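K.L.:
Quick one: structure below, then a few questions.
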Amino acid sequence: QAALLANAIGAEQTREPGGSDLGERVRGILLDPATGEIDDRAELFLMLAARSQHLAERIRPALAAGRHVVVDRFSGSTLAYQGYGRGLPLDDVRRACDLATAGCWPDLTLLLDLPAALGAARRSGVPDRIEGADGGFHERVTGGFRELATAEPASWVVIGASRGVDEVARDVLAAVGERLGIRPVVRE
């Protein structure tokens with residue numbers, strides 16, 4: 001959905017963890033099942049180190065050039081995964097996100113709401129280290145995302161993602177148009 005949205009509005013599209021050379025290396029460490037257990041705080045700091053570099057190399061330059069940026073995951077995901085999922089104190093995680101980003105938060109966060117079981121069924125291949133976490137973790141993450149969206153309705157939109165790709169993409173584009181006034185790019 002991130003790629004479809006970015007293409008539709010002519011935005012820079014990137015992902016986290018990742019988005020920079022350093023970020024992609026950190027992504028490999030974080031997601032590789034062979035990495036094994038990572039201390040919860042170490043996982044948080046690795047995510048935030050990747051984000052800080054990602055902002056410096058990709059996001060801030062794109063914004064400075066007047067471009068829109070679509071990121072597949074950002075600070076809301078850190079709150080959900082490392083805060084709610086791993087159980088780190090939410091206020092500490094939020095402050096750490098602020099520090100890593102110098103206070104840069106998205107104008108809009110889209111939560112593609114999908115039951116965990118359906119999400120797992122849609123995945124292909126071997127689960128990565130985080131995907132392979134126990135069901136309780138994923139239930140806490142899902143609940144965390146929903147709580148964040150409920151607590152901050154001005155900056156979050158929840159979109160039901162159980163439907164087909166095209167239907168979800170239409171809702172994503174409509175939400176971005178309604179909330180941010182960004183319309184699809186007309187291509188000739």
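K.L.:
Would you please name the residue that is most open to solvent (accessible area, probe 1.4 Å), looking only at residues in segment 163-184 that are touching a helix residue (DSSP H, G or I) at 6+ places or on another chain (Cβ under 6 Å) and assigned to a loop (DSSP other than H, G, I, E, B)?
P.N.:
Within segment 163-184, the subset touching a helix residue (DSSP H, G or I) at 6+ places or on another chain (Cβ under 6 Å) is 169, 172-173, 182-184.
Add one more test, that the residue is assigned to a loop (DSSP other than H, G, I, E, B), and what stays is 182-184.
Details: Ile182: 22, Arg183: 148, Pro184: 67 Å².
Out of the qualifying residues, it is Arg183.
K.L.:
For segment 143-160, name all the residues that are crowded, with 16+ Cβ neighbours inside 10 Å and touching a residue at least 60 places away in the same chain (Cβ under 8 Å).
P.N.:
Residues satisfying the conditions are Gly144, Phe145, Leu148, Trp156.
K.L.:
Here's a follow-up. Quick check on my filter: what residues within segment 113-124 are open to solvent by less than 70 Å² (accessible area, probe 1.4 Å) and outside any helix (DSSP H, G or I)?
P.N.:
As a first pass, look at segment 113-124 and keep what is open to solvent by less than 70 Å² (accessible area, probe 1.4 Å): 113-116, 118-120.
Answer for segment 113-124, where residues must be open to solvent by less than 70 Å² (accessible area, probe 1.4 Å) and outside any helix (DSSP H, G or I): Asp113, Leu114, Pro115.
K.L.:
Any chance you could count how many residues in segment 25-49 are part of a helix (DSSP H, G or I), out of contact with any Pro (no Cβ under 6 Å at 6 or more places or on another chain) and open to solvent by less than 70 Å² (accessible area, probe 1.4 Å)?
P.N.:
Counting residues in segment 25-49 that are part of a helix (DSSP H, G or I), out of contact with any Pro (no Cβ under 6 Å at 6 or more places or on another chain) and open to solvent by less than 70 Å² (accessible area, probe 1.4 Å) gives 10.
K.L.:
Out of Asp107, Asp128, Asp92, I need the residue that is assigned to a helix (DSSP H, G or I) and either of a type outside the set (Phe, Trp, Tyr) or under 15 Å from the mean Cα position of the chain (by Cα) (or both). Which one? Before the answer, list the steps.
P.N.:
On the way: Asp107 fails: assigned to a helix (DSSP H, G or I); Asp128 fails: assigned to a helix (DSSP H, G or I).
After applying the criteria, what remains is Asp92.
K.L.:
Let me ask something else about it. Looking only at segment 5-20, count every residue that is surrounded by fewer than 17 Cβ atoms within 10 Å (Cβ to Cβ) and touching a residue at least 24 places away in the same chain (Cβ under 8 Å) and tell me the total. It would help to see each step written out before you state the result.
P.N.:
Step one: list which residues in segment 5-20 are surrounded by fewer than 17 Cβ atoms within 10 Å (Cβ to Cβ), which gives 7, 10.
Next, from what is left, pick out any that are touching a residue at least 24 places away in the same chain (Cβ under 8 Å): 10.
So the count comes out to 1.
K.L.:
Condition first: surrounded by 15 or more Cβ atoms within 10 Å (Cβ to Cβ) and free of Cβ contacts under 8 Å to residues at least 40 places away in the same chain. Now tell me which residues in segment 83-93 satisfy that.
P.N.:
The initial filter retains those residues of segment 83-93 that are surrounded by 15 or more Cβ atoms within 10 Å (Cβ to Cβ), namely 83-86, 88, 90, 93.
Leu90 - this is the single residue of segment 83-93 that is surrounded by 15 or more Cβ atoms within 10 Å (Cβ to Cβ) and free of Cβ contacts under 8 Å to residues at least 40 places away in the same chain.
K.L.:
Something else about it: Mind checking whether some residue in segment 62-71 is within 13 Å of the chain's Cα centre (by Cα), at pLDDT 95 or above, of a type in the set (Gly, Ala, Ser) and over 18 Å from Gln1 (Cβ atoms)?
P.N.:
Here is the first cut: in segment 62-71, the ones within 13 Å of the chain's Cα centre (by Cα) are 69-71.
From what's left, at pLDDT 95 or above: 69-71.
Filter once more, so that each one left must be of a type in the set (Gly, Ala, Ser): none.
Looking for residues that are within 13 Å of the chain's Cα centre (by Cα), at pLDDT 95 or above, of a type in the set (Gly, Ala, Ser) and over 18 Å from Gln1 (Cβ atoms), one finds none in segment 62-71, hence no.
K.L.:
Within segment 50-72, work out how many residues are within 16 Å of Pro17 (Cα to Cα), part of a helix (DSSP H, G or I) and of a type in the set (A, V, I, L, M, F, W, C).
P.N.:
Looking only at that region, the number is 4.
K.L.:
Could you tell me how many of the residues in segment 50-74 are open to solvent by less than 40 Å² (accessible area, probe 1.4 Å) and under 16 Å from Ile29 (Cβ atoms)?
P.N.:
3
K.L.:
Which of (1) open to solvent by less than 80 Å² (accessible area, probe 1.4 Å); (2) in a loop (DSSP other than H, G, I, E, B); (3) within 19 Å of Ala11 (Cβ to Cβ); (4) among the aliphatic types (A, V, I, L, M) does Ala133 not meet, given it meets every other one?
P.N.:
For Ala133, the exception is condition (3).
K.L.:
Could you tell me whether segment 108-128 includes any residue that is over 23 Å from Val168 (Cβ atoms) and among the small types (Gly, Ala, Ser)? Walk me through it before giving the result.
P.N.:
If we filter segment 108-128 for residues that are over 23 Å from Val168 (Cβ atoms), which is where we start, we get 126.
So of that shortlist, the ones also among the small types (Gly, Ala, Ser) come out as none.
No, segment 108-128 contains no residue that is over 23 Å from Val168 (Cβ atoms) and among the small types (Gly, Ala, Ser).
The values are calculated or read from the model by the stated rules, or taken from the named source; none is laboratory data. Since we're looking at a predicted model, the values are computed, not measured. Quick reminder, even Gly has a Cβ in these numbers, built from the backbone with ideal geometry, and neighbours come from all protein chains shown. The area values use the complete protein model at the heavy-atom level, side chains included, leaving out ligands, DNA and RNA. Shrake-Rupley method; radii C 1.70, N 1.55, O 1.52, S 1.80 Å.
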